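Following: one structure in structure tokens, then a few remarks.
The values are calculated or read from the model by the stated rules, or taken from the named source; none is laboratory data. These numbers were taken from a predicted model, which means no experiment stands behind them. When we count neighbours, we look across all protein chains shown, and the Cβ atoms used for this are built from the backbone with ideal geometry, even at glycine. When the accessible area is computed, the model is the full protein with side chains, heavy atoms only, and any ligands, DNA or RNA have been set aside. Shrake-Rupley method; radii C 1.70, N 1.55, O 1.52, S 1.80 Å.
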Amino acid sequence: MSLWFVPSLLLAACGPTQELGESPESAQLGESTQAVLYPPPAPSSGNIVDSTAFLGPVGLNDAVQTRFTTNPQYLSFNFRVAAGAQVRLEVTHLGSSMGLDTGLFIYGPKDANGSYGTTLRAQDDDAGYGELSKVTSLTLAQGGEYLAVVSTGTGAGKQFRLGLGCLNSACAEPSLFTACDLDVATRIEVCDESVVEVQHVTPAQALPQCTDAQDAHDAFVSQCVVSSGAKPWCADGEAAFTSKMWPVCKDFYYRYYGAGPLPLTQFPLSSALQAARAAGHTRCKTGENWCDESLWTLNVPSVAGTPPVSLDRVAEGAFASIPALYAQEAPQFQRLADLTYAQFSSRLDYFFPELAQALPGALGNGTEVPQVADFYADVPVAPGAKDYHHVYVVYFPVSHQTAVFWFTQHEI
């Protein structure tokens with residue numbers, strides 16, 4: 001587990017030097033006559049962190065270690081979790097000074113203005129070893145950034161270690177699994193190159209020998225079963241890595257080594273996209289049955305920290321991953337010039353304006369620029385009448401997600 005230390009000079013001005021209600025002599029001895037929580041005082045700003053000395057993050061399934069320098073004192077650490085995370089926080093016997101008395105307080109999540117507020121999510125005095133503090137199990141329904149505060153009234157000069165554990169394999173943010181970790185990807189590449197060199201096969205032929213269940217286990221262990229520096233996604237455990245990130249890694253290299261089109265994995269439409277599609281569908285079916293539509297959302301395999309997969313590969317993968325697009329009865333689509341998102345939105349303005357508005361919030365990170373590939377086909381359906389088909393592949397390159405919208409207008 002990673003341990004880091006805070007120089008005492010950074011903490012020298014964090015409040016009075018003796019415990020409230022004690023004589024200077026007892027404060028100098030660092031002993032408490034009764035159990036006292038010492039909650040951080042509520043600041044006028046309404047942001048509890050302003051009443052603490054903020055010392056940075058504590059990682060999931062990791063720990064931080066530092067020491068108190070004055071009495072009383074309130075030291076704070078932030079941590080991030082996904083919605084529904086169940087965590088354990090403890091000032092541990094290991095790494096903490098003998099006779100130390102602490103309090104532990106949890107606030108948050110941090111709001112859009114950067115404030116943790118002053119509402120307590122949990123607190124503890126002496127549930128840990130001796131007079132150390134422990135929150136055995138805390139479920140955080142809302143994802144985001146929280147603040148843990150460790151306090152003392154009598155611990156000046158004593159060190160402590162704060163550990164943070166995940167209890168339900170649902171703590172790491174989902175976005176951590178949408179791309180293959182760069183170090184995991186490097187393991188696959190090194191293995192593949194070695195097999196190619198020894199067996200004189202192609203990289204695509206070597207790939208199965210580097211991406212089986214044992215390889216997945218070894219990759220997890222190399223990044224997560226370490227004394228320090230475990231990746232944030234490790235908090236959800238090996239099963240989550242194997243079912244979420246490892247397939248992304250395999251799919252990326254499947255295409256990277258020329259084994260075929262990039263496999264894109266479908267996932268359910270969000271409630272916002274379902275509502276947007278329904279609104280447009282109602283317009284299509286009103287009166288003369290003007291149009292039909294289909295909508296899919298998919299993850300794009302990629303490697304974190306490397307250039308995004310190109311729109312060309314994503315479009316190719318989309319057509320290979322959605323059976324309706326390559327079925328025998330599907331139209332023969334021709335790729336037209338790529339569109340800007342504004343041009344794409346204007347195409348949807350009459351029937352599906354809500355969809356154009358909803359896609360960036362559902363699939364993007366709020367700042368990335370979507371890329372749009374446009375495919376077209378017209379099919380005679382009756383004497384003097386055709387169906388006009390457009391397939392739009394809307395790609396969010398930073399978030400590694402794409403939407404495929406098939407829009408068909410009927411000539412009446």
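General remarks:
- Hey, A259 free of Cβ contacts under 8 Å to residues at least 12 places away in the same chain, in a loop (DSSP other than H, G, I, E, B) and open to solvent by less than 50 Å² (accessible area, probe 1.4 Å) or not: no
- So S271, is it of a type in the set (S, T, N, Q) and touching a strand residue (DSSP E or B) at 6+ places or on another chain (Cβ under 7 Å): no
- Scanning region 47-98 for residues that are charged (D, E, K, R) and in contact with a strand residue (DSSP E or B) (Cβ under 9 Å, 6 or more places away or on another chain), we see that the one that is nearest to E131 (Cα to Cα) is E90.
- Scanning region 358-393 for residues that are outside any strand (DSSP E or B) and either under 23 Å from the mean Cα position of the chain (by Cα) or surrounded by 19 or more Cβ atoms within 10 Å (Cβ to Cβ) (or both) yields a count of 13.
- Per the conditions (1) among the small types (G, A, S); (2) assigned to a helix (DSSP H, G or I); (3) at pLDDT 95 or above, the sole criterion not satisfied by A206 is (3).
- Filtered residues of region 332-357 (kept if open to solvent by 70 Å² or more (accessible area, probe 1.4 Å) and in a helix (DSSP H, G or I)): A342, Q343, S346, R347, Q357
- Residue check, A127 out of contact with any Cys (no Cβ under 8 Å at 6 or more places or on another chain) and either farther than 29 Å from V226 by Cα or surrounded by fewer than 18 Cβ atoms within 10 Å (Cβ to Cβ) (or both): yes
- Residues located in region 160-179, provided they are surrounded by 22 or more Cβ atoms within 10 Å (Cβ to Cβ) and of a type in the set (A, V, I, L, M): L162, L164, A172, A179
- Condition met for P261 (farther than 17 Å from L355 by Cα, under 31 Å from the mean Cα position of the chain (by Cα) and not basic (K, R)): yes
- Pick from region 121-139, criterion modelled with pLDDT of 95 or more and among the hydrophobic types (A, V, I, L, M, F, W, C), ranking: nearest to A83 (Cα to Cα): L138
- Residue in region 135-142 that is among the β-branched types (V, I, T) and surrounded by fewer than 18 Cβ atoms within 10 Å (Cβ to Cβ) present: yes
- Restricting region 286-325 to residues that are of a type in the set (S, T, N, Q) and crowded, with 19+ Cβ neighbours inside 10 Å, the residue that is nearest to P261 (Cα to Cα): S321
- Tally, over region 43-73, of residues that are modelled with pLDDT under 95, out of contact with any helix residue (DSSP H, G or I) (no Cβ under 7 Å at 6 or more places or on another chain) and among the aliphatic types (A, V, I, L, M): 3
- Residues that are modelled with pLDDT of 95 or more and surrounded by 20 or more Cβ atoms within 10 Å (Cβ to Cβ), drawn from region 235-247: F241, M245, W246
- Within the option set P203, P232, being within 25 Å of N299 (Cβ to Cβ), surrounded by fewer than 20 Cβ atoms within 10 Å (Cβ to Cβ), in contact (Cβ under 8 Å) with a residue 40 or more places away in the chain and touching a Phe, Trp or Tyr at 6+ places or on another chain (Cβ under 6 Å) holds for one residue only, P203.
Conditions tested, residue by residue: (1) at positive phi; (2) open to solvent by 20 Å² or more (accessible area, probe 1.4 Å); (3) touching a residue at least 60 places away in the same chain (Cβ under 8 Å); (4) more than 27 Å from the chain's Cα centre (by Cα).
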| site | (1), (2), (3), (4) |
| --- | --- |
| V58 | no, no, yes, no |
| T70 | no, no, yes, yes |
| Y74 | no, yes, yes, yes |
| R88 | no, yes, yes, no |
| L94 | no, yes, yes, yes |
| S97 | no, yes, yes, yes |
| L104 | no, no, no, no |
| G114 | yes, yes, yes, no |
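- Condition check for L182 on (1) within 17 Å of the chain's Cα centre (by Cα); (2) open to solvent by 30 Å² or more (accessible area, probe 1.4 Å); (3) at pLDDT below 95: one failure, at (3).
- Any hit, region 144-159, residues being touching a Lys or Arg at 6+ places or on another chain (Cβ under 9 Å), assigned to a loop (DSSP other than H, G, I, E, B), in contact (Cβ under 8 Å) with a residue 60 or more places away in the chain and open to solvent by less than 20 Å² (accessible area, probe 1.4 Å): yes
- First in region 270-290 and more than 17 Å from D349 (Cβ to Cβ), second anywhere and at pLDDT 95 or above and hydroxyl-bearing (S, T, Y), Cβ under 8 Å, 6 or more apart: S270/T297; L273/T297
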